[in-house]
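Below is one structure, written out as structure tokens; comments come after it.
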Amino acid sequence: MLWRRFRNKYHLIGTYCEKCKTGFYPPREVCPECRRGGKIVEKQFSNYGEIVTYTVVSAPPAGFEKGAPYALAIVKMDDNGPNVVGQVVDCDDEKLGMGLRVETTFRKIYEDGKEGIVQYGLKFMPITHENL
Amino acid sequence: MLSTGAKFAKGVDMRVAVIGVGLTKFGEVWTKSLRDIALEAGVKAISDANISAADIDAMFIGNMSAGRFSGQEHLGALVADQVGVSIPSTRVEGACASGSLALREGVSSIMAGLSDVVLVGGAEKMTDISTEYATTGLMGAADEEWEGFHGMTFPGLYALMARKHMHDFGTTHEQMASAAVKNHHNATMNKDVAQYPFEITVDKVLNSAMIASPLTLLDCSPITDGAAAIILCREDLAKKYCDTPVYVTGSGQASDTLALHDRKSLTGLQAAVDASRVAYKMAGIGVKDVDVCEVHDCFTIAEVMACEDLGFCKKGVGGKFIEDGNTQIGGKIPVNTSGGLKACGHPVGATGIKQASEIVLQLRGDAGKRQVNGAEIGMTHNVGGSGATCVVNIFRR
Ligand SMILES: CC(C)(COP(=O)(O)OP(=O)(O)OC[C@H]1O[C@@H](n2cnc3c(N)ncnc32)[C@H](O)[C@@H]1OP(=O)(O)O)[C@@H](O)C(=O)NCCC(=O)NCCS
Ligand SMILES: [Zn+2]
């Protein structure tokens, strides 16, 4: 039932606890630190970030065979944003590395085998021109 | 966040004994079905304990994904049916930690006074489907919506931790590989059970097929069919059945976020740290008292992190600790004498019970060529998912 999450999956919208200033992606309705004392609001996070760790997957799960091998990374989003996991695309093998600056890009994720439904979501690509 | 067991840990007197163990041969067992292997392990444990099925008061069965792997749910009833009993029989699920969770449930049932004798089993039949579908099925243990959605795999999740560990602490692939080499060597002394009882070398690990960089095929535990069972009973009844009972003296369980990227640390499992601290406290021992340990080496990096999380060595030096031979039989703290998940095999729901069986054999002095001399205290470390559940159980003879 991925459609429930379309807003979050398409826009990097999560939640944020205003009390302890922590971002959550996927969104959380309860802050694990502040419990009921926290103040959770919706938040659009920065689309820019930095690779914290990465891997290239050669043994894919069902439905991802066509794209393999593909890179996956955990990216720390800017402005004290959350860690987000996603594929890294349009990136040369030599370039892929720890600390690489990336931005989100809206892409096809996979085709649902049974119903042929195409799932879309966010992937990462190296930042083309960084505006400082 | 403190794991809930902590406040109960002190002063818990467990009074539970293990009086029998049973294991099937692990591997691709395509002539036998899930019910066949579950029954085989159960019957072996019952004979080993010298009891009859009529003595058993309850059963707890660890299984992760029979629904996905075999199309069969309702494992509690399935096993009761096969054993031919009508006692309470309950399936327990916590991904790859299901076995150890079932063991904890068995212990709880005896401590609560609900049962005197309990059969705890674990079984998984994983090779009836293709590797791709098994990979998808296993991802049910991670965060389906936020990790699986992107094509993440289990080797992938541990590869993310491996890369970060290498980056932060200078851990090398050679060091990680040395865990696999040791575990394959130990498996050669466990031929009756182990899936891959053959020697490998560090070079072979480095040059085997890439699965999720930096992890290669020989960094990974395999896809396995297998079952394991143990018989627990009230401490004061143990000597009635068995001359060499082994006692459960501590048990810790902790949870963490389902998704890896949500964690504070990517280079260790906080749930393992928490669970082990509770278990040590409950058993009234320190890490130095442990003589032999089975850890959850689903991938080589997992054994490196386990050595650190359990306190065998300092944070960051787990790779060197293993490479230097500290975890070999005869070393400071022998780890995975059974061959571990890597070489003995990893039928996910059965793994925790297999670990417990290995420790029981070691403490009884029945581990044959792989015996750790004079082992008195043993421990198991069983992880569910990428660390969202961890159970640490401590045993003593
Ligand atoms: C690593 C993995 C993808 C390999 O699967 P695969 O590519 O389908 O491998 P195959 O079954 O084709 O096996 C290829 C060969 O390697 C051997 N092999 C497979 N996995 C092996 C392993 N982990 N270690 C050693 N040898 C292995 C096979 O016996 C086979 O040998 P053969 O050619 O002599 O018959 C699979 O084992 C896997 O997914 N492991 C991880 C399981 C997991 O995530 N568990 C949960 C962790 S918490
Ligand atoms: Zn908060």
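The values are calculated or read from the model by the stated rules, or taken from the named source; none is laboratory data. Everything numeric in this text was worked out from a predicted model, so none of it was measured. Neighbour counts run over all protein chains shown; Cβ positions are idealised from the backbone, glycine included. Areas reflect the complete protein model, heavy atoms only, side chains present, ligands, DNA and RNA absent. Shrake-Rupley method; radii C 1.70, N 1.55, O 1.52, S 1.80 Å.
Am I reading the B/A interface right? What is its buried accessible area, both sides, 1.4 Å probe, to the nearest 100 Å²? Let's see the in-between values first.
On the way: alone 15210 and 8690 Å², together 20960 Å².
Roughly 2900 Å² of accessible surface disappears when B and A pair.
Give me the percent of Cα-Cα pairs in the protein assembly as shown that sit more than 41 Å apart, rounded to a whole number. The partial results should precede the final answer.
On the way: 27324 of 139656 pairs.
Result for the distance tail: 20 percent.
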Task: the range A:1-45 - accessible surface per residue (Å², probe 1.4 Å) - done: 65
TODO: Can you tell me the relative contact order of the range B:4-112? Whole percent, Cα pairs under 8 Å, sequence separation 6 or more.
DONE: 26
- [ ] For B:379, B:111, give the ranking by accessible area with the largest first, probe 1.4 Å.
- [x] B:111, B:379
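Sort B:114, B:218 from largest to smallest accessible area, using a 1.4 Å probe on the heavy atoms of the protein chains. All intermediate terms of the calculation are to be shown ahead of the outcome.
Numbers: B:114 140, B:218 25 Å².
Putting B:114, B:218 in descending order of accessible area: B:114, B:218.
Take each of the peptides B:135-144, B:271-280, average the number of other beta-carbon atoms within 10 Å over its residues, and list them starting from the highest. The partial results should precede the final answer.
Numbers: B:135-144: 21.5, B:271-280: 25.2.
The most tightly packed comes first, giving B:271-280, B:135-144.
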Task: Relative contact order of the range A:47-132, pairs being alpha-carbon contacts under 8 Å that are 6 or more residues apart, as % - done: 29
Open item on the list: Kirkwood hydrodynamic radius, the range A:1-45, all distinct C-alpha pairs: what's the number in Å?
Closed with: 10.7
Open item on the list: Just to verify a number: FRET efficiency for residue A:111 and residue B:77, C-beta to C-beta distance, R0 = 45 Å, to 0.05?
Closed with: 0.75
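Taking Rh as the Kirkwood radius, which is the inverse of the mean 1/r over Cα pairs, what is the Rg/Rh value for the range B:278-318? Show your work: numbers first, answer last.
Working: Rg = 10.8 Å, Rh = 10.9 Å.
For the range B:278-318, the value is 0.99.
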Task: Label-point separation in nm, residue B:287 to residue A:42, each point 7 Å along Cα→Cβ - done: 4.6
Task: Shielding by partners - mean other protein chain Cβ count within 10 Å, residues of B:133-139 - done: 3
- [ ] Quickly estimate the mean residue ellipticity at 222 nm for chain B, helices only: each DSSP H run with n ≥ 4 gives -39500 (n - 2.57), and the total goes over all residues, rounded to 500.
- [x] -11000 deg cm²/dmol
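Over all distinct alpha-carbon pairs, what is the Kirkwood Rh of chain B in angstrom?
After inverting the pairwise mean of 1/r, the radius is 20.3 Å.
Carbon and sulfur atoms: what percent of the 1.4 Å accessible area of the range B:281-389 do they account for?
On the way: 1280 of 2790 Å².
Roughly 46 percent, rounded to a whole number.
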- [ ] Kindly identify residues of the range B:204-240 having a loss of at least 50 Å² in accessible area between the isolated chain and the assembly of all protein chains, probe radius 1.4 Å.
- [x] B:211
Task: Accessible-area composition of chain A, carbon plus sulfur, in percent [1.4 Å probe] - done: 49
- [ ] Give me the distance in nm between label points sitting 7 Å out from Cα along the Cα-to-Cβ direction at residue A:79 and residue B:217, one decimal.
- [x] 4.8
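How much accessible area per residue does the range A:47-132 have, in Å², with a 1.4 Å probe? Could you put the intermediate results ahead of the total?
Numbers: 4290 Å² over 86 residues.
Per-residue accessible area for the range A:47-132 comes out at 50 Å².
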Task: Drop in accessible area of at least 50 Å² in the complex versus isolated chain, residues of the range A:89-123, 1.4 Å probe - done: A:98
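I need the peptides B:16-25, B:167-176 ranked by packing, meaning the mean over residues of other C-beta atoms within 10 angstrom, with the highest value on top.
Working: B:16-25: 24.1, B:167-176: 18.8.
Put in order of decreasing packing, that is B:16-25, B:167-176.
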- [ ] Before rounding to the nearest 500, sum -39500 (n - 2.57) across all DSSP H runs of length at least 4 in chain A and divide by the residue total; then give [θ] at 222 nm in deg cm²/dmol.
- [x] -1000 deg cm²/dmol
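Show me B:243-249, B:370-376, B:155-161 ranked by packing, highest mean number of other Cβ atoms within 10 Å first. Let's see the in-between values first.
Details: B:243-249: 19.1, B:370-376: 15.9, B:155-161: 27.7.
Ranked by mean Cβ neighbours within 10 Å, highest first: B:155-161, B:243-249, B:370-376.
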Open item on the list: At a cut-off of 50 Å², which residues of the range A:50-71 become less accessible once all protein chains are present than in their chain alone, using a 1.4 Å probe?
Closed with: A:53, A:54, A:55, A:59, A:61, A:62
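Take the Cβ-Cβ distance between residue B:240 and residue A:93 as r, set R0 to 56 Å, and report the resulting FRET efficiency rounded to the nearest 0.05. List each step's numbers first, then the result.
On the way: r = 65 Å, r/R0 = 1.16.
Rounded to the nearest 0.05, the efficiency is 0.30.
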Task: Alpha carbon convex hull of the range B:223-275, volume per residue in cubic angstrom - done: 158
Task: Rounded to the nearest 10 Å², the accessible area of residue B:241 at probe 1.4 Å - done: 40
TODO: Using only the alpha carbon atoms of the range A:47-132, find the Kirkwood hydrodynamic radius as the inverse mean reciprocal pair distance, in angstroms to one decimal.
DONE: 13.6
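State in Å² the accessible area per residue of the range B:186-295; use a 1.4 Å probe, count heavy atoms of protein chains only, and round to the nearest integer.
Values: 4230 Å² over 110 residues.
Result: 38 Å² per residue.
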TODO: Using only Cα atoms, locate the centre of the range B:145-190 and the centre of the range A:22-93, then give the distance between them in Å, rounded to an integer.
DONE: 21
Open item on the list: Treating only the Cα positions of the range A:79-121 as identical point scatterers, give the base-10 log of I(q)/I(0) from the Debye formula at each q in 0.16, 0.22, 0.31 Å⁻¹.
Closed with: -0.61, -0.89, -1.19
Task: Sequence-separation-based contact order of chain B, relative, with Cα cut under 8 Å and 6+ spacing, percent - done: 26
